[in-house]
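Participant: First, the structure itself, so that you have it in front of you.
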Amino acid sequence: MNGQDRPRRHGGSGDQHGGRGQQSHRRRDEAGRERNRGGTRQFSKTAPSQRTRLADPARLAAFEVLRAVERDDAYANLVLPARIRQHRLDRRDAGFATELAYGALRGQGIYDAILARCVDRPLEQLDPAILDALRLGAHQLLAMRVPAHAALDQTVGLARAVIGAGPGSLVNAVLRRVSAKDLDAWTAELTEAETDPAKRAAIVHSHPEWIVRAMRQSLAGHGRNVDELEELLAADNAAPVVNLVALPGLGSLDEAFDAGAEPGRLVEDSALYAGGDVGRLAGIRAGTVRVQDAGSQLIARAVAAVPLDAGPDGQRPERWLDLCAGPGGKAALLGALAAGSGATLLANEPAEHRAELVRKALAPVDRKVWEVRTGDGRDLGRLEPGGFDRVLVDVPCTGLGALRRRPESRWRRQPSDLVQLGPLQRQLLESAVDAVRPGGIVAYVTCSPHPAETTAVVADMLRRRPDLELLDSAAALEAASLSGGLQAGQPGPGSGGTTAQLWPHLHGTDAMFMALLRRK
């Protein structure tokens, strides 16, 4: 406890001299404790008897999310809803917990840089739970409309309740130093000697430096002006609005609209929801309304709607394949669209626990329409050559396009992931091409804008497979959207055709990439 936090003692070092010492002695009782001189005693707000020792439920929920992310490699967007329900947070507190958890994760880079200047040891020597509490406190002090005394008191109370009294004192001391400056002042101090634009942007926008450089390369690779980089990084840090989709023919958004949701501006049967825990909506519980980024919705609709060349048997129902279906968001929408058009869907997922998520996602759709296969998608081209009319291959990728919804991902990914994922992405695309019939289409999709995962993979496949042609992917995306002028297209590799790239700062979606390939 700092000296300024202690209750003030009357008298001082001079009390031991002369009459003042005798006067002090007369004010003490038989046990040697100083007597109250009358009136109401005044305690500082941080006196031991006045300090909060309870964890506020909203802050506790956010703290538990950060602990699960750090300790268990969990995803915040999967942990948070359960914590909100567990602590029975109302709409307001759920919103506070969401902003606190996501904001602390997004800002981890700059908050750690600030904390490093306020702690008397390297951050890696701190107990991880203490560091998470400090990050939550820093976000409240520097980026939320929380009074400084409340942020300090409640964070110290959280630390005392769930970590211990000693760590609570450390948290108190460190956060007092953090609160001495606002975020602008701290940012200026951290960047004053930095001349490298990428390193400076990494600090200002709290991204790893390699991701800053990767995003700049991505903009250039997709024909965008690299001056958009700051805007793109800022969009990554904006709190995303929850996107809802009503499964066609099954779900309704009326309840969401009654709760204040707004109609989606990009794709039909969608809504933008800011009403707290979506689990309170009956449609969500029934599975007929789903949380899904508008970019993913748009791609699924484009895949289902793009015209096909006539097949050898034009009378049979179309067969669709979702080659990498887990956890089932696009599969559910494709299944509902398939049911409405007389098609059937095979959803493939290699991991059994994720395959079970796909089954749950598809459960509201007529069971005769869909089937879930658990197996390696790289085998399907060999097992069912030419067996499908439409194939979606949403390959495993770095997820650089979803950093605003998965803020912890930016701190987990490494540049080596780009190299390691490349062969798998190419193998899955090859299997998808083998699985589609002549005249059918394959949609190669990633939630990353990086050229190594997008245009480079497509260019390699077009060079190796002369039986493929690139379609006007941007036009297909435009046709599936409600709004014109997406400006998502770029001339593709080779002659003819375009690829399509969505951006958070332009379209309000994840940075989804799509290339539509037709097998000649």
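Participant: Identify, among 75, 146, 156, the residue whose Cα sits farthest towards the positive end of the charge dipole of the range 57-183, taking +1 on the Cβ of Lys and Arg and -1 on the Cβ of Asp and Glu, with the dipole about the Cα centre.
Facilitator: 146
Participant: In debye, nearest 20, what is the charge dipole magnitude of the chain about its Cα centre with +1 on Lys and Arg Cβ and -1 on Asp and Glu Cβ, if you could check?
Facilitator: For the chain, the charge dipole is close to 2360 debye.
Participant: Straight distance only, please: which lysines reach the Cα of residue 330 with their own Cα at less than 25 Å, same-chain residues fewer than 8 apart left out?
Facilitator: 360, 368
Participant: Only counting other Cβ atoms within 10 Å, I'd like 226, 291 sorted with the fewest neighbours first.
Facilitator: 226, 291
Participant: For the range 245-308 and the range 161-178, compute the distance between their C-alpha centroids and round to whole Å.
Facilitator: About 43 Å separates the Cα centre of the range 245-308 from the one of the range 161-178.
Participant: Arrange the following residues from fewest to most other Cβ atoms within 10 Å of their Cβ: 59, 410, 265, 465.
Facilitator: Fewest to most other Cβ atoms nearby, the residues stand as 265, 465, 410, 59.
Participant: Return the FRET efficiency for the residue pair residue 371, residue 121: r is the Cβ-Cβ distance, R0 is 45 Å, and the value is rounded to the nearest 0.05.
Facilitator: Efficiency, from the Cβ-Cβ distance: 0.20.
Participant: Next question. Can you tell me how much longer the chain between residue 196 and residue 257 gets when fully stretched, taken as 0.36 nm per residue apart minus their C-alpha distance, in nm with one decimal?
Facilitator: 17.3 nm
Participant: Shape verdict for the range 294-519, please, from the Cα gyration tensor: rounded (a/c under 1.5), prolate (a/b greater than b/c) or oblate.
Facilitator: rounded
Participant: With 10 angstrom as the radius, rank 73, 309, 236 by how many other C-beta atoms surround their C-beta, starting from the fewest.
Facilitator: With the fewest neighbours first, 73, 309, 236 line up as 73, 309, 236.
Participant: Each residue of the range 272-283 in turn: what ³J(HN,Hα) in whole Hz from Karplus with 6.51, -1.76, 1.60 and θ = phi - 60°, glycine and Pro shown as x?
Facilitator: Values per residue, Gly and Pro as x: 10, 10, 10, x, x, 5, 5, x, 7, 7, 4, x Hz.
Participant: Explain nothing, just compute: Karplus ³J(HN,Hα) = 6.51 cos²θ - 1.76 cosθ + 1.60, θ = phi - 60°, for every residue of the range 251-267 in order, whole Hz, x for Gly and Pro.
Facilitator: Listing the rounded values in order: x, 9, 9, 4, 4, 5, 5, 5, 8, x, 5, 10, x, x, 8, 9, 9 Hz.
Participant: Give me, ordered by chain and number, the residues 5 or more places off residue 118 or on other chains with an amide H under 5 Å from its own placed amide H.
Facilitator: none
Participant: Provide the packing ranking of 366-379, 271-284, i.e. peptides ordered by the mean count of other C-beta atoms within 10 Å per residue, highest first.
Facilitator: 271-284, 366-379
Participant: Additional query: Residue by residue through the range 454-459, which ³J(HN,Hα) values in whole Hz follow from phi under the Karplus form 6.51 cos²θ - 1.76 cosθ + 1.60 (θ = phi - 60°), with glycine and proline marked x?
Facilitator: Result, ordered by residue: 10, 5, 5, 5, 5, 4 Hz.
Participant: At 7 Å along Cα-to-Cβ for each site, give me the label-to-label distance between residue 280 and residue 464 in nm.
Facilitator: 5.1 nm
Participant: Between 105, 171, 87, whose Cα lies farthest towards the positive end of the dipole of the range 57-183 when Lys and Arg beta carbons carry +1 and Asp and Glu beta carbons carry -1, centred on the Cα centre?
Facilitator: Going by the Cα projections, it comes out as 87.
Read-outs throughout are calculated quantities, based only on the coordinates presented, and are distinct from any laboratory measurement. Predicted model, so just to flag it, every value in this text is computed and none were measured. Because the Cβ atoms are built from the backbone with ideal geometry, glycine has one as well, and the counts that use them run over all protein chains shown.
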